[in-house]
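First up is the structure itself, then whatever we jot down about it.
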Amino acid sequence: MAFIILFIFSILINISNSLSDENEPIRITIYPSRISESGIGSNKIIISKKDIKESNAKNIPDLIAKQTGIQTISLYGGVDNTKASIGIGGFGEQASMNTAIFLDGVRINNISMAAVNFGNIPLENIEKIEIIKGGGASVLYGDGAVSGAINIITNKNIFEKNTYIINQEFKSYNGRKNTIYGYQNFDDFSIQFNNNYTRSDQYRDNNDYKLDSTSINVSSMNDEGVFTFMKFKKYDEDIRLPGGISKTDYFLNPKQTRESFAFTRDELSALEVGYNGLYVGEFQTSASISLSEKASISYFDYSRYYSGSHSSDASNQYDYNTIQGYKNGQYKSTLFNLPISYKMGIDFYNSYYSDKVILGSYYKRTADQITFDPWFISQISFRNDFDFEAGIRHHFYKLDVYDETTNKQKLYNKSTESNAWSLGGIKKINEINTLNFKLSKSFRSPKVDEVLHYGGVISDVNHQNSNMLEIGHKLSLKQIIFKTNFYKSKIDNIIYYDSSAFVNKNYGETTHKGLDIETTIKHNKLSYNLNVSNVTSQFDTGSNKGKQLPMVANWKSNASVKYNYNNQLKFLLSNDFVGSRYRIGDESNSSPKSKSYNLYNAGINYKLNDLDISLKINNLFNKKHYHYETSGGVYPLSERNMSFGLKYLF
């Protein structure tokens with residue numbers, strides 16, 4: 001607690017200093033980003049605001065899944081993908097736990113396995129999305145960035161004119177989405193307001209979805225170029241859970257459900273304050289601290305389908321309270337007349353978790369988790385067009401688990417340390433050829449509900465560790481860009497759920513290797529993009545040695561054609577392919593693979609003065625498909641669906 005108070009105090013002192021009237025040289029940092037400044041040698045993807053606007057993606061998971069080597073998993077059959085899992089590098093069911101996801105540099109998938117609510121981040125509010133692949137992201141972003149990290153950066157229009165936008169979308173399955181966005185600038189002070197109201201019956205029975213989300217951002221920039229901000233966010237989300245069905249039921253009627261009453265409700269409130277670009281001497285510093293409270297209530301009636309009564313229905317409430325703190329600085333100098341930079345920082349998390357029964361045999365289990373990570377990165381540029389980076393992060397982890405059903409009793413505690421490091425470089429061979437490499441070690445700590453899971457069962461699982469090598473090449477011609485990236489990683493202690501023992505365990509060593517290829521061609525008004533990825537993830541030890549990890553599609557591709565008829569009218573046609581994969585729990589690869597699927601999508605956008613009109617059609621040929629499969633059934637995804645949008649800029 002003393003550290004938390006000291007951390008908050010130091011941030012407030014720095015913010016007050018940033019608002020002083022001392023005359024200093026103007027140094028402006030509008031979009032602070034670890035990736036754009038660091039991550040040398042890693043395979044990086046930047047999705048710009050222009051890319052987002054010109055895609056036919058309807059939400060963040062849909063947009064990110066179109067990038068090379070990235071797969072999403074959706075359980076709920078909806079068209080909004082609000083709780084889809086995003087994975088990089090062949091982790092299958094564990095994908096979301098091995099990909100760190102941030103919003104404006106603040107982690108949004110930290111303490112538990114609960115899926116990220118992407119629905120409360122409208123695409124219209126995003127300035128860009130930065131994706132860094134591979135274990136090198138672990139030095140930059142810490143825990144859980146074994147396969148990579150995603151940082152979603154929202155609009156910060158402090159120098160832009162006042163803006164007001166109303167966006168109305170009409171979707172299949174009685175869906176509608178209303179977004180109101182306002183931005184008011186008062187010289188060096190600005191206020192942003194956003195409200196998102198979404199309703200949909202979605203594709204399957206018992207699949208209704210409702211979201212009310214509001215955010216308010218207040219920011220300012222002083223004469224020294226220091227950007228200070230305060231953000232408040234609140235959302236309420238309700239989604240009914242149709243669950244899995246047998247393959248027989250799937251072919252008869254994929255919309256049906258076995259769980260006519262199952263649902264989950266999330267309520268979240270969050271506050272963040274911070275600053276960017278404050279110089280302390282020659283050090284450029286940034287810091288933020290955020291507090292969030294989330295309550296999630298779930299209700300399941302799976303047994304009713306078989307017993308005909310609600311006697312075995314279950315309902316639990318999960319509470320998540322988190323404090324996150326980030327503070328970092330950067331210093332630039334020369335070494336042997338070569339430009340060099342030093343970056344260092346501290347990341348801090350203090351999380352509280354509670355699981356209590358609402359319906360059923362009562363119990364209450366709680367957990368406190370603390371992590372503390374100092375990190376350091378240095379970069380140097382040589383005269384022969386070679387840039388080099390080295391970084392290290394140390395991770396302190398402490399977890400205490402309690403039973404509070406009657407009196408508070410400690411059930412479990414664990415303290416451990418781990419580390420991440422990386423070495424990377426970029427070499428410009430000539431004007432058209434560039435090589436990159438990255439060698440890294442990364443880690444992942446167990447999520448709280450991987451240690452303390454349903455029913456109060458305790459799983460004593462260890463930290464996961466990974467060593468990875470990445471090598472890439474980029475060919476840049478006048479109208480063609482061709483990129484390749486190869487990676488191979490050795491991972492020890494992947495955490496998985498053993499359904500036969502009802503506990504979480506660690507796998508032995510596994511090997512993940514893959515190849516990503518991307519080609520972009522621009523010719524007159526046409527733009528072509530094709531990306532293909534191949535990944536193989538297999539066990540290296542035990543009875544399943546040589547077998548593949550479940551839920552990993554070996555092949556994935558995305559192809560798109562964009563045609564800009566003129567400045568007002570644009571067309572898009574795209575194709576998404578996901579290969580076959582073994583179902584969850586089939587570590588022995590003894591069951592038939594889940595079928596591959598191939599989807600076509602189309603979009604058209606027309607701009608009439610300040611009015612944007614869009615039409616998006618997904619799954620154009622009405623293909624039945626699913627991605628997630630267990631021994632108990634499959635989770636069907638939507639057939640043909642469309643959305644019609646009207647966005648007006650005042």
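Distance between the pseudo-spin-label points of Leu338 and Asp187 (7 Å out from Cα toward the beta carbon): 4.7 nm. Determine, from the Cβ-Cβ distance of Asn622 and Ile358 and an R0 of 41 Å, the FRET efficiency 1/(1 + (r/R0)^6), rounded to the nearest 0.05. The pair Asn622/Ile358 has a calculated efficiency of 0.55.
Per residue, the convex hull spanned by the alpha carbons of segment 133-238 comes to 159 Å³. Spacing of the modelled spin labels on Leu469 and Asp238, each 7 Å from Cα toward Cβ, amounts to 5.5 nm.
Figure note: Thr371, Thr72 ranked by solvent-accessible area, largest first, 1.4 Å probe, ligands and nucleic acids not counted: Thr72, Thr371. Working value for segment 49-172: equivalent-ellipsoid semi-axes of 25, 18, 13 Å, each the square root of 5 times a Cα gyration tensor eigenvalue, largest first. For the pair Phe650 and Asn195 in one chain, pulling the backbone fully straight at 0.36 nm per residue adds 162.2 nm over the alpha carbon distance.
Taking a threshold of 31 Å on the Cα-Cα distance, which of the pairs Lys53/Lys161; Lys83/Lys427; Lys233/Lys364 fall above it? Pairs exceeding the cut-off: Lys83/Lys427. Peptides 165-176, 635-646 ordered by packing proxy, namely the average of other Cβ atoms within 10 Å per residue, highest first: 635-646, 165-176. Counting 0.36 nm for each residue step from Ser311 to His523 and taking away their Cα separation leaves a gain of 69.9 nm. Label zone of Ser476 (point 7 Å out along Cα→Cβ, amide N under 19 Å): in segment 507-527 this covers 517-523. Compute the FRET efficiency between Thr248 and Phe502 as 1/(1 + (r/R0)^6), taking r as their Cβ-Cβ distance and R0 = 22 Å, and round to the nearest 0.05. The value I calculate is 0.25.
Using a simple spin-label model with pseudo-atoms 7 Å out from Cα toward Cβ, Leu615 and Asn321 lie 5.2 nm apart. Does a label point 7 Å from the Cα of Ser260, set along Cα-to-beta-carbon, have any residues of segment 275-301 with amide nitrogen under 17 Å, and which are they? Residues 300-301 qualify, since their backbone N sits under 17 Å from the label point.
From largest to smallest, the equivalent ellipsoid semi-axes obtained for segment 205-314 from the alpha-carbon gyration tensor read 48, 14, 12 Å. Roughly how many percent of the accessible protein surface of the chain is carbon and sulfur, given a 1.4 Å probe and a whole-percent answer? Accessible surface attributable to carbon and sulfur in the chain totals 57 percent. Surface exposure of the chain, expressed per residue as accessible area with a 1.4 Å probe, stands at 43 Å². Ignoring aspartates and glutamates fewer than eight residues from Lys595 along the same chain, the ones with Cα atoms less than 12 angstrom from its Cα are Glu629. When restricted to Cα atoms, segment 134-190 yields an Rg and a Dmax of 18.4, 45 Å, respectively. Going through the cross-link list Lys438/Lys483; Lys513/Lys624; Lys210/Lys231; Lys58/Lys171; Lys483/Lys525; Lys343/Lys488, which pairs have a Cα-Cα distance over 19 Å in this structure? From the list (Lys438/Lys483; Lys513/Lys624; Lys210/Lys231; Lys58/Lys171; Lys483/Lys525; Lys343/Lys488), the Cα-Cα distance tops 19 Å for Lys513/Lys624; Lys210/Lys231; Lys483/Lys525; Lys343/Lys488.
For the Cα trace of segment 407-498, dividing Rg by the Kirkwood Rh returns an Rg/Rh value of 1.24. Determine, from the Cβ-Cβ distance of Leu569 and Lys595 and an R0 of 41 Å, the FRET efficiency 1/(1 + (r/R0)^6), rounded to the nearest 0.05. Computed FRET efficiency for Leu569 and Lys595: 0.65. Taking all protein chains as shown and a probe of 1.4 angstrom, Phe650 keeps an accessible surface of around 130 Å². Over the chain, dividing the summed -39,500 (n - 2.57) contributions of all DSSP H runs of at least 4 residues by the number of residues returns a 222 nm mean residue ellipticity of -2000 deg cm²/dmol.
The values are calculated or read from the model by the stated rules, or taken from the named source; none is laboratory data. Please read all numbers here as calculations on a predicted model, not as lab measurements. FYI the Cβ positions are ideal-geometry reconstructions off the backbone, even for glycines, and counts take in every protein chain you see. The accessibility values were calculated without ligands, DNA or RNA, using every heavy atom of the protein model including side chains. Shrake-Rupley method; radii C 1.70, N 1.55, O 1.52, S 1.80 Å.
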